[in-house]
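Right, one structure below, let's go through it.
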């Protein structure tokens with residue numbers, strides 16, 4: 001589904017990603033862990049096409065297409081989704097308007113008619129239930145005045161609305177209490193099918209207790225330095241990252 | 001020859017004709033106005049308040065004036081479409097500066113309320129005219145006001161007697177219609193006696209593709225305990241220049257809301273002077289401008305708190321695209337003794353392109369020591385983080401920009417106290433941003 005080869009990327013002339021190689025198949029859940037500043041969020045930003053980042057080398061193929069050539073909105077239409085670490089507040093733009101525009105633009109891209117008002121509201125209601133998102137929030141401006149937990153739930157709600165094939169969860173667990181974490185994780189699991197894949201970026205094991213990864217990668221200094229099964233996450237939780245740094249001869 | 005000279009000559013030559021096609025009460029102030037006009041001349045950019053709009057240049061072109069009040073043919077159908085739907089208003093038309101009394105609303109106004117030709121009213125109500133006409137609009141203080149008072153022959157009167165509440169909103173459509181370049185001098189007088197209430201929507205349209213220059217002087221007298229809303233909506237064309245000077249006097253406990261929206265224009269300068277002369281008066285002064293191409297919008301406002309316990313809330317927002325130029329000059333003055341004044345003045349602007357220019361100058365002069373006042377202005381671009389967030393959800397860049405611009409001006413639309421107009425404006429603004437409102441031409445977009 002996704003194939004990243006020798007990906008290099010920089011921001012403001014500073015190289016952050018220094019040769020990422022990663023292949024994700026349909027139905028897989030990959031966890032990407034690593035210390036602060038290792039390039040995890042940069043990787044997710046580059047994949048969804050944030051213009052602040054510049055790809056300097058390498059290739060990314062998504063469903064057989066050259067992902068790097070697509071605009072951010074086209075990547076979304078093709079089925080890529082990022083749950084933002086810091087969801088953006090958009091005062092004055094209502095959630096309903098925002099989602100209706102997003103859903104209908106995707107339908108247009110795939111040659112489908114826009115949803116009628118009643119169809120759309122039914123869809124909203126159905127998807128809201130997945131993350132237990134209050135109707136009150138759905139009528140407000142996008143993320144404005146939402147608590148940290150509500151913002152993250154809203155991300156998963158949007159994911160449910162857009163039905164992506166590859167979702168990237170960028171530190172979706174940060175700032176969540178146990179209950180909110182469970183709701184968000186259960187939401188992600190409900191949306192999971194054998195056709196869809198997921199990249200979970202996290203510092204901690206705790207989210208992975210709910211969303212079970214098939215493969216765990218450690219990203220360090222812009223490279224994937226270790227790849228193993230779910231047991232790697234447990235080990236990192238216990239031992240930290242220093243042993244990995246030693247292993248690659250840095251310390 | 002100075003720009004003024006041709007107008008001075010014109011007045012000297014046609015003085016009799018101008019007067020004979022107007023009303024005595026309007027003629028009485030003409031000589032003084034003419035004297036002041038000759039002294040002041042047209043304002044140039046050397047004056048602080050006209051710094052970004054040199055209106056003297058507007059008058060340099062050759063325009064026709066309809067001094068002898070020649071009838072102008074008009075197709076009522078063309079203008080009728082312009083009603084704001086879902087909103088039942090008492091609808092009137094003003095053709096250039098001529099009150100058009102061939103189409104009048106079917107439902108009559110409450111007893112004693114007058115909405116009609118200022119000239120006709122002036123003939124029959126000399127006492128009222130003597131008390132109110134050209135009193136707030138001092139000809140010695142502004143060259144355009146002096147000029148307008150010199151040449152104005154007709155316009156609109158809204159008179160609401162003591163204690164009368166006009167439930168149904170009144171709508172006036174100003175239609176600019178001419179086969180040759182035309183200079184229009186319109187005069188509006190609004191009097192609400194104590195306890196009166198009314199809501200007025202004024203739409204500016206231009207039918208013909210000729211150059212129009214409009215000067216307009218509006219005087220509003222809001223008596224004690226009055227409630228008055230006035231919404232001005234300009235949807236003209238690139239070939240229209242508008243200079244409007246509005247003067248408002250508010251007595252004790254009056255509540256006035258003014259909202260001036262420039263949706264489509266050529267060059268516009270609106271000046272609004274509000275004096276709170278009675279305690280407990282409230283003014284809500286709002287405005288928005290959407291401009292692109294070479295369009296120019298200048299709003300110059302002053303709120304004068306002369307007595308205690310006045311409140312003012314001011315908000316102006318501009319969205320400037322292409323090479324558009326915007327200017328906002330807003331002064332809030334708190335006079336000595338005007339204690340407990342509460343004033344908030346905000347001006348926020350979006351420059352969508354690098355070539356768009358915005359000049360913002362919010363000012364506070366406070367001469368009292370127990371007041372709560374704040375003022376501020378921002379000029380910025382669309383929020384890049386929000387744009388990217390929306391694009392990552394599949395919303396195209398164009399659509400995302402549109403949603404953000406729309407959200408930006410919503411704050412001004414939301415101050416409107418007429419639900420149907422609010423809804424209508426949401427639609428009109430969306431059309432405007434989508435580029436579907438690119439010319440006014442016979443109000444086709446309202447149909």
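Values quoted throughout were computed directly from the atomic coordinates according to the rules given, and no laboratory measurement underlies them. Predicted, not measured: the structure shown is a model, and the values here were computed from it. So basically every Cβ, Gly included, is an ideal-geometry build from the backbone, and we count neighbours across all protein chains shown.
Within segment A:214-249, the set of residues being out of contact with any strand residue (DSSP E or B) (no Cβ under 8 Å at 6 or more places or on another chain) and part of a loop (DSSP other than H, G, I, E, B) comprises A:240, A:249.
Please report, ordered by residue number, the helices (runs of 4 or more DSSP H) entirely within segment A:147-213 with at least 1 residues that are within 25 Å of residue B:394 (Cβ to Cβ).
On the way: elements: A:148-162, A:178-191, A:206-210.
Of the helices (runs of 4 or more DSSP H) lying wholly inside segment A:147-213, those with at least 1 residues that are within 25 Å of residue B:394 (Cβ to Cβ) span A:148-162, A:178-191.
Comparison of A:178, A:199 shows that the only residue that is more than 14 Å from chain B (Cβ to nearest Cβ) and in contact with a strand residue (DSSP E or B) (Cβ under 7 Å, 6 or more places away or on another chain) is A:199.
The set of residues in segment B:401-417 that are within 8 Å of another protein chain (Cβ to nearest Cβ) and either without any contact (Cβ under 8 Å) to a residue 40 or more places away in the chain or surrounded by fewer than 20 Cβ atoms within 10 Å (Cβ to Cβ) (or both) comprises B:403, B:404, B:406, B:407, B:410, B:411. Condition check: in contact with a strand residue (DSSP E or B) (Cβ under 6 Å, 6 or more places away or on another chain), within 13 Å of chain B (Cβ to nearest Cβ), surrounded by 18 or more Cβ atoms within 10 Å (Cβ to Cβ) and assigned to a helix (DSSP H, G or I). Does residue A:81 satisfy that? No, not satisfied.
Assess whether residue B:155 counts as being crowded, with 24+ Cβ neighbours inside 10 Å and at positive phi. Here the answer is yes, as residue B:155 does meet what is asked.
The set of residues in segment B:387-398 being buried (at least 18 other Cβ atoms within 10 Å of the Cβ) and out of contact with any helix residue (DSSP H, G or I) (no Cβ under 6 Å at 6 or more places or on another chain) consists of B:388, B:389.
Say whether the condition of being within 14 Å of chain B (Cβ to nearest Cβ), more than 14 Å from the chain's Cα centre (by Cα) and at positive phi is met by at least one residue in segment A:216-238. Scanning segment A:216-238 turns up no residue that is within 14 Å of chain B (Cβ to nearest Cβ), more than 14 Å from the chain's Cα centre (by Cα) and at positive phi.
In segment A:11-55, which residues are part of a loop (DSSP other than H, G, I, E, B) and loosely packed, with under 15 Cβ neighbours inside 10 Å?
Start the filter on segment A:11-55 by keeping residues that are part of a loop (DSSP other than H, G, I, E, B), which leaves A:12-13, A:25-28, A:34-39, A:49-53.
Within segment A:11-55, A:12, A:13, A:25, A:26, A:27, A:36, A:37, A:51, A:52 qualify.
For segment A:84-102, filtered to residues that are closer than 25 Å to residue B:413 by Cα and assigned to a loop (DSSP other than H, G, I, E, B), the residue that is nearest to the other protein chains (Cβ to nearest Cβ) is A:88.
How about segment A:131-146: which of its residues are part of a loop (DSSP other than H, G, I, E, B) and buried (at least 21 other Cβ atoms within 10 Å of the Cβ)? Give the derivation first.
Taking segment A:131-146 as the starting set, the residues that turn out to be part of a loop (DSSP other than H, G, I, E, B) are A:131-134, A:139-140, A:143-146.
If the condition is that a residue be part of a loop (DSSP other than H, G, I, E, B) and buried (at least 21 other Cβ atoms within 10 Å of the Cβ), then A:131, A:133, A:143 are the ones that fit.
Residue B:319 passes every criterion in (1) touching a strand residue (DSSP E or B) at 6+ places or on another chain (Cβ under 6 Å); (2) in contact (Cβ under 8 Å) with a residue 12 or more places away in the chain; (3) more than 30 Å from residue B:54 (Cβ to Cβ); (4) within 14 Å of another protein chain (Cβ to nearest Cβ) apart from (3).
Just one of (1) part of a helix (DSSP H, G or I); (2) within 22 Å of the chain's Cα centre (by Cα); (3) over 11 Å from residue A:154 (Cβ atoms); (4) more than 13 Å from chain B (Cβ to nearest Cβ) fails for residue A:128. It is (3).
Within segment A:103-125, the set of residues being exposed (fewer than 14 other Cβ atoms within 10 Å of the Cβ), within 24 Å of residue A:188 (Cβ to Cβ) and either touching a helix residue (DSSP H, G or I) at 6+ places or on another chain (Cβ under 7 Å) or within 14 Å of chain B (Cβ to nearest Cβ) (or both) comprises just one member, A:110. Per this entry, residue A:65 is not counted among residues that are more than 30 Å from residue B:415 (Cβ to Cβ), facing another protein chain (nearest Cβ under 10 Å) and either surrounded by fewer than 18 Cβ atoms within 10 Å (Cβ to Cβ) or without any contact (Cβ under 8 Å) to a residue 40 or more places away in the chain (or both).
In segment B:296-349, what residues are touching a helix residue (DSSP H, G or I) at 6+ places or on another chain (Cβ under 7 Å) and within 19 Å of residue B:255 (Cα to Cα)? First the steps, then the outcome.
Going residue by residue through segment B:296-349, those that are touching a helix residue (DSSP H, G or I) at 6+ places or on another chain (Cβ under 7 Å) are B:300, B:315, B:317, B:319, B:329.
Within segment B:296-349, B:315 is the sole residue that qualifies.
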